[in-house]
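Structure first, commentary second.
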Amino acid sequence: MQKVNISDLNHFVEQEVTIAGWLYNKRSSGKIKFLVVRDGTGYAQCVYFKGNVSDEIFDKADRIGQESSLIVKGIVKAQPKAPGGYELDAKDLIIIHETHDYPITPKEHGIEFLLDNRHLWLRSKRQVAIMKIRHRVVKAIRDFFDGRGFTLLDTPILTPNAVEGTSTLFETPYFDLGSAYLTQSGQLYAEAGALALGKVYTFGPTFRAEKSKTRRHLTEFWMIEPEVAFADLNDDMDLAEEFLEYIVQTVLKEKEEELNILERDTSKLKNVKKPFPRVHYDEAVEILRRNGVDFQWGNDLGGGDETIISEQFDRPVMVHHYPAEVKAFYMKRDPENPKYALAVDVLAPEGYGEIIGGSQREDNLEILIERIKEHNLPQSAFEWYLDLRRFGSVPHAGFGLGLERTVSWICGLEHLREAIPFPRMIYRNTP
Ligand code: 4AD
Ligand code: MG
């Protein structure tokens with residue numbers, strides 16, 4: 001059987017083809033049955049005329065339920081009114097698996113029901129579009145770094161200690177060695193990689209036992225972490241803006257159809273071009289106060305604060321020089337004024353909040369040991385990390401991009417749970 005992808009039908013106008021897929025939708029009009037078939041590459045309307053096909057085939061077309069799997073043979077016709085612009089004048093119908101009572105119908109369903117049926121929900125037009133955009137974002141990320149001399153470095157998922165603070169660790173027993181923890185970030189290992197290879201990036205799953213039940217939090221998410229030797233905070237911000245511009249512009253160019261399915265207003269995404277505004281934390285505090293927020297200097301920015309700041313700009317904004325107190329132990333402090341960390345968060349527009357967190361790293365051995373003590377972290381667990389400051393230490397910087405937050409923003413989703421195939425959240429670890 002020579003099977004054709006639905007997305008390729010335009011190459012076969014007036015020719016007979018075979019497509020294989022699932023029944024997405026069905027309607028009739030007198031002596032005509034319209035079967036909309038999906039195959040993962042697109043949607044094709046298959047038209048069965050009574051009289052043109054045998055009664056047996058016509059009855060089958062009438063009988064089968066949504067999501068039955070099937071093979072259709074027919075002649076491709078240009079049809080501007082059909083989804084995708086082409087339809088099949090169907091000649092044959094082979095049923096692979098006849099299905100009835102598929103639980104997800106075109107009517108509205110509640111979100112909990114859809115999440116319980118995530119394994120089936122993924123087949124819907126909207127979810128397919130999101131997964132395709134996610135895949136394109138992943139490819140853009142790899143292309144970006146691979147094309148700029150970065151080496152992909154896979155970092156461990158089972159780790160002996162915390163990176164981003166001890167309160168959000170998933171713990172698991174580990175043979176005779178006590179406990180292991182699911183990684184919160186590959187960064188510390190990426191730093192070792194940068195000192196070996198110059199420029200590296202990690203791309204893997206990360207875990208946070210966050211108690212937060214917000215639309216921006218998953219307990220399992222994917223993070224991309226570049227790390228660059230001989231780089232400072234400004235280099236880090238240059239890299240972050242070039243990176244985000246590349247991702248967004250690539251998706252706009254190559255995933256127009258999917259963005260249309262999602263009814264995404266892309267006018268705001270078109271602005272995602274460098275340079276991005278760079279806002280010092282103190283200036284961010286000013287913006288908040290001007291907008292009526294009673295904000296205390298020294299606090300971290302909350303989700304609502306981030307929204308107010310990003311609303312002032314038409315593209316992502318980079319907030320830098322956060323108070324060191326609210327940031328991680330490994331961040332270098334500003335030598336000019338050590339109450340600030342050489343940190344940057346990139347806030348996405350339209351209320352999507354922080355999508356990137358990064359910094360220049362502390363490269364001085366004595367200071368780093370001090371920080372580890374201040375944060376009540378066990379120095380012994382970090383001896384290997386301290387070695388990076390004992391042997392050929394250099395200024396270096398990097399950041400982490402959350403994949404699901406990025407996909408969620410680009411797709412215009414209300415909640416991160418749709419940006420990953422099988423979301424893991426505080427109240428859900430199934431299916
Ligand atoms: O700001 P974070 O915690 O930074 C780090 O982990 C650093 N080690 C990164 C680095 O410098 N190499 O996390 C980075 C990004 C956030 O900006 C956000 O996009 C995403 O990871 N993120 C989450 N995404 C979904 N659910 C969560 N619970 C997330 N926590 C962080
Ligand atoms: Mg952060």
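The values are calculated or read from the model by the stated rules, or taken from the named source; none is laboratory data. All values reported here derive from a predicted model rather than from experimental measurement. Please note: Cβ atoms are built from the backbone with ideal geometry, for glycine as well, and neighbour counts cover all protein chains shown. We work out accessible area using only protein heavy atoms, side chains counted, and drop any ligands, DNA or RNA first. Shrake-Rupley method; radii C 1.70, N 1.55, O 1.52, S 1.80 Å.
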Taking the residues in the range 360-375 that are among the charged types (D, E, K, R) and within 16 Å of ligand 1 (Cβ to nearest atom) as candidates, determine which candidate is nearest to the chain's Cα centre (by Cα).
361
Name the residues in the range 376-418 that are part of a loop (DSSP other than H, G, I, E, B), within 15 Å of ligand 1 (Cβ to nearest atom) and in contact with a strand residue (DSSP E or B) (Cβ under 9 Å, 6 or more places away or on another chain), would you?
395
Return the total of residues in the range 244-256 being touching a residue at least 60 places away in the same chain (Cβ under 8 Å) and out of contact with any Phe, Trp or Tyr (no Cβ under 6 Å at 6 or more places or on another chain).
7
Just need a number here: residues in the range 6-39 that are closer than 27 Å to residue 132 by Cβ, of a type in the set (Gly, Ala, Ser) and open to solvent by 60 Å² or more (accessible area, probe 1.4 Å).
1
Can you pull out every residue in the range 40-95 that is closer than 18 Å to residue 23 by Cβ, of a type in the set (A, V, I, L, M) and open to solvent by 60 Å² or more (accessible area, probe 1.4 Å)?
94
Can you pull out the residues in the range 316-370 that are assigned to a strand (DSSP E or B), open to solvent by 10 Å² or more (accessible area, probe 1.4 Å), more than 14 Å from ligand 2 (Cβ to nearest atom) and not aromatic (Phe, Trp, Tyr)?
333, 360
Within the range 191-278, which helices (runs of 4 or more DSSP H) (wholly inside it) include 1 or more residues that are surrounded by 15 or more Cβ atoms within 10 Å (Cβ to Cβ) and within 16 Å of ligand 2 (Cβ to nearest atom)?
233-254
